[in-house]
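*Asks:* Mind having a look at this structure? Questions to follow.
Rule-based calculations on the coordinates, nothing more; no lab input. Just so it is clear, the model here is predicted, and its values are computed rather than measured. Please note: Cβ atoms are built from the backbone with ideal geometry, for glycine as well, and neighbour counts cover all protein chains shown.
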Amino acid sequence: MLRGLSFLFLFIWFGTLHAQFKIHGLVINKKSKEAISYANIGIRYVSIGTLSNVDGSFTLIIPEKYRNDTLYFSSLGFAPKHISIKWLIQQPQPITIFLSERSVLLEGITITDKAVKNKIVELGNNRCRGGTLETDTTYAGASEALLIDNKAQKQIEYPMYLQRARLKIFRNNLNSFKIRIRVLDVDTATGKPGTDLLHHDVIVESTIRKGWLAFDLSHLQLKIERPFFIVFERILTSRDRMLIAEGYRMFKKQYPSKVKIDTIEFEGKPLIRERFTGGGIDLPGTFIGISTTENAREKFSSYSRNTSFGEWEKVQGTLTATVTLSNQPLNNSDKGVVSSPDCQEKTIACTVQNICTDFLDESGLTGMQLRVSVKGKTVFSANLGYSNSDLFTPVNDSTLFRINSISKSLTSAALIKLASDGKLDLDAPIKKYLPDFPEKEFPITTRQLSGHLGGIRDYHQDNLSDLVRTKHYLSTIDALEVFQFDSLTAKPGSKFHYSTFGWNIIGAVIEAASGMNYLDYMKSSIWHHLKMKNTCGDDITETIYNRSKFYDALGDENDFGDISYKYPGGGLLSTTTDLVTFGNELLYGQFFDELLKAELFKTQYTENGEATNYGMGWYTGLDTNGHRVWYHSGDQLSSSSHLYIYPDDGIVIALLANGQEAAAFDVEEIGELFYSK
C-alpha cells in the first residue's frame, strides 16, 4: 500500500542578538482606559514584533541597528499609531501607548426577497499532509494566509458575504491555544496580503488536539467584492513560547539526526528550512495544517509572516483552510452556515461518529461513508468529508465509491444464482464454459477460482502498469487477454494464492453461462432484485452521476486508469446503503438458495487439507473477541472499502472511502461496540 507522508515544518528564528535594547509598557484604550489585549506591535517589513498580553503589557527586544526606525502599534477597531524608536527608548519605562477607537461606517444590509434562493459555497484548500510549528520565542505575531479567488474554484459571484472560516489543526500539544482570524485585501502592486477588511477582533480559543477549528463570522455580515486573503494569526503567551522553545531545544539535543536543515529554491529564491525526518509530533505547540503537493501549489497561493508587521513571503506549503460565502446576508439559523458541534452524548452512535471524525482528521482522507445495521435495521449511518474536494461537494447517501475487492463478494452471488438456475456447475472445468481459454497443465474449476486456489497470478508487484491500465474492455471475456497466456503459479487446489485475475475468469464464466455481458447480468439478475439501485461498474466511458472523485496518497485526484479489465474482482461502484442491503439479504433474505448461500461462507481447503479461511468471495473467521465474521476488504491506490457481516450477532457494517487511507480503519472496533451493548 502507498501512504502519504506527513511533514512537520518549522519557522525558526536563527539570529543572534548582540547590541540591543528593550522597550516595555502597556497598550491602553484611550477612551475607556482599559487594556487592549493582543495588540500588534512591530517594525514594518522585518521580523521584529510582538503582541500585547491579556493585560495589555508588552516587551519587545530591538537590535541596535533599528534605533532610527519606527515602531507600529495597531489593533482591530482602533486607529494605528507609529512612534519613533529613538524617542521611545529615551522615555521612562514602562511606557503607556494609547490607541483611539476608530469609527467604522457600516454599510446598510439589504435582505433579499425570499424568492431569491440562498447560494452558499465553501472555498479553499481542505487537503492536509503535514503541519507547521512556530518556534520563535523572541518575537510573536506569526500569521499564515490563503488567497481566496477564482483561480481554481469558480463558484464566486461577487458580491458575497463571509459567513465562516475553518482552519485545520494538524496537531496541538498545548493545554489550549488561541488563533485570531483576519481578512485582508490583495495588494494590487505585489499580489500579497494587504490591508484589513475586518475591523473586529475574532479570536477563538480551543483545546482540540486535532481537527477543524471553526470561526463564526456570520454576525459581522462582511461583504466581499473581490479576491481576498483569509489570515490566521497565532496568539502565544510568553509561557507558551517558553514551552515551545524548550521542547524544540530538547528534541534537537536528543535527536540531532532527525532535524534536517536544507536549502531549496522557491519562487526563484533560496529557502532555508528545518524539517523533521522522524518524530517531533509531540513537541509543545500547535501544528497548523498544510498541503505540500504540487497540485495544491498550482491551485492556491499561501503566504506567511513571522511578526505582526513582517514582510509577507510566499511559502511552499499550502495552508489548509476554507471559507463559507453566501450570496446574501444570512442568520445563524440558516442551513449550512454554522458547523455542527462535536458529538458529546454518551451513546454508541456518538462514539462511532467521533471515531469516524477522528479517523478522517488523522488520516487526511477526503471523504467516506459508514453504515451499520443490526437485525436488519440501520442503527448508524454517517457521511463524512467530500466526494469532490475542489467543489466541496459533501458525501451523501447516494455518493458512489469504488468497492474494490468487495466486487468479488458481489460477484459470488451471481455464481450461486446461476448454479441454482442450473446454468453453472461450480466444480466443472472452466473450459466447459470457456473453450477458447488457453490450455493449462491442470484443469481449473470455478469453485477453485472463487477461493483463490486456481493457480492464477495476481498483479505484478514490481510493475505498476499491470495494475493501472488504459485500455477499455466491453466484456470480461475480452479482458482475459491481460493474463490468459501466463503460466499457473501452482497446481490448482494446492495453494492459496490471492488473485483478482482469477475473478476475471469467473466473470467470463458468468458471461458464458448466462449468455449476457457480466454487468448486464449483475444488474438484471442480482442488483435489480435486491433493490441495489446505486451499484454498477466503474465505466469511465459513461457519465455516472454521484460518482465520487478519488484521491491518491498526495491528495491529488487520480483514478489510476481504466478498471474495466477487472469488473468482477475489483471494478464495481456502490454505496454503503447497497452493501448493507446485500449483507442483510445474505443473512435474512430468501432470494438465493439457502444451501448454495451457505457455500459462500464455508472455508475451502488445499489438497493437503489446510484451511484457507476463505470461502467463495468471502473471508471467514473470528474477530479478536471470538465472534464469527464473514468479511471482505479492498483497496486500490485511491480508494478503500470494507464489508463485515457478524452472522451470530446480526450485524452488517460497510465502509467506503475515496482514498487508500481507510484500508487501516478498524472495523472490528465498530462491531464490538454494537454486539457488546
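*Asks:* Kindly state, as a whole number, the per residue volume in cubic angstrom of the convex hull around the alpha carbon atoms of the stretch 409-502.
*Replies:* Convex hull of Cα atoms, per residue: 114 Å³.
*Asks:* Taking the Cβ of residue 304 as the centre, find all other residues whose Cβ is under 9 Å away and add up their charges (Lys, Arg: +1; Asp, Glu: -1).
*Replies:* 0
*Asks:* Would you mind ranking 178, 602, 22 so that the residue whose beta carbon has the fewest other beta carbons within 10 Å leads the list?
*Replies:* 22, 602, 178
*Asks:* When the Cα centres of the stretch 452-472 and the stretch 525-583 are compared, how far apart do they sit, in Å?
*Replies:* Cα centres, the stretch 452-472 to the stretch 525-583: 19 Å.
*Asks:* Would you mind putting 441-449, 568-576 in packing order, based on average other-beta-carbon counts within 10 Å, highest first?
*Replies:* Ranking the peptides 441-449, 568-576 by packing returns 568-576, 441-449.
*Asks:* Right, next: What is the Cα convex hull volume of the stretch 528-626 when expressed per residue in Å³?
*Replies:* Enclosed volume per residue, from the Cα hull, is 194 Å³.
*Asks:* Would you please put 183-195, 355-367, 50-62 in order of how densely packed they are, using the mean number of other Cβ atoms within 10 angstrom per residue and starting with the highest?
*Replies:* Highest mean packing first, the order is 355-367, 50-62, 183-195.
*Asks:* If contacts are Cα pairs under 8 angstrom and at least 6 residues apart, what is the relative contact order of the stretch 8-99 in percent?
*Replies:* Result for the stretch 8-99 is 33 percent.
*Asks:* Among residues other than residue 82 whose Cβ falls under 11 Å from its Cβ, what is the net charge (Lys/Arg +1, Asp/Glu -1)?
*Replies:* Local charge sum for residue 82: +1.
*Asks:* Would you list the membrane-span-like helices of the chain, meaning whole DSSP H runs whose alpha-carbon atoms span at least 15 Å along their axis and whose mean Kyte-Doolittle value is at least -1.0?
*Replies:* Span-like helices in the chain: 348-363, 406-420, 500-514, 576-588.
*Asks:* Separate question: For residue 91 and residue 55, calculate 0.36 nm times their separation in residues minus their Cα-Cα distance, and state this gained length in nm to one decimal.
*Replies:* Between residue 91 and residue 55, full extension yields 10.9 nm more.
*Asks:* Using a 10 Å cut-off around each Cβ, can you sort 641, 494 from fewest to most neighbouring Cβ atoms?
*Replies:* Ordered from fewest to most neighbouring Cβ atoms within 10 Å, 641, 494 come out as 494, 641.
*Asks:* Whole angstrom only: what separates the Cα centroid of the stretch 20-44 from the Cα centroid of the stretch 351-412?
*Replies:* Their Cα centres are 50 Å away from one another.
*Asks:* Taking 0.36 nm per residue of sequence separation and subtracting the Cα-Cα distance, how much length would be gained by fully extending the chain between residue 250 and residue 431, in nm to one decimal?
*Replies:* Taking residue 250 through residue 431 to full extension adds about 58.3 nm, to one decimal.
*Asks:* Next question, about the same structure. Quote the relative contact order of the chain in percent (integer), defining contacts as alpha-carbon pairs under 8 Å separated by 6+ residues.
*Replies:* RCO, the chain: 14 percent.
*Asks:* Output the Kirkwood hydrodynamic radius of the stretch 120-326, Cα pairs only, in Å rounded to one decimal.
*Replies:* Radius from the Kirkwood sum: 17.7 Å.
*Asks:* Percent antiparallel among DSSP beta bridges with both residues in the chain, to the nearest 5?
*Replies:* 90 percent
*Asks:* Obtain the radius of gyration and the Kirkwood radius of the chain from its C-alpha atoms and give Rg over Rh.
*Replies:* 1.07
*Asks:* Continuing with this model, one more query. Per 0.36 nm of contour for each residue apart, how much would the distance between residue 20 and residue 468 grow if the chain were fully extended, relative to their Cα-Cα spacing?
*Replies:* The residue 20-residue 468 span can extend by a further 155.1 nm.
*Asks:* Further question: Taking a ≥ b ≥ c as the square roots of the Cα gyration tensor eigenvalues, with a/c under 1.5 meaning rounded and otherwise prolate when a/b beats b/c, else oblate, which class fits the stretch 8-99?
*Replies:* Because a/c hits 1.5 or more and a/b fails to exceed b/c, the stretch 8-99 counts as oblate.
*Asks:* Quick one: if the Förster radius is 56 Å, what FRET efficiency do residue 221 and residue 420 give, using the C-beta to C-beta distance and rounding to 0.05?
*Replies:* The value I calculate is 0.30.
*Asks:* Which cross-chain or sequence-distant (5 or more) residues have an amide H under 5 Å from the amide H of residue 171, H modelled 1.01 Å from N in plane?
*Replies:* Hits under the 5 Å cutoff: 287.
*Asks:* Also, I was wondering about something else. Report the FRET efficiency, 1/(1 + (r/R0)^6), for residue 82 and residue 664, where r is their Cβ-Cβ distance and R0 is 56 Å, rounded to 0.05.
*Replies:* E between residue 82 and residue 664, to the nearest 0.05, is 0.55.
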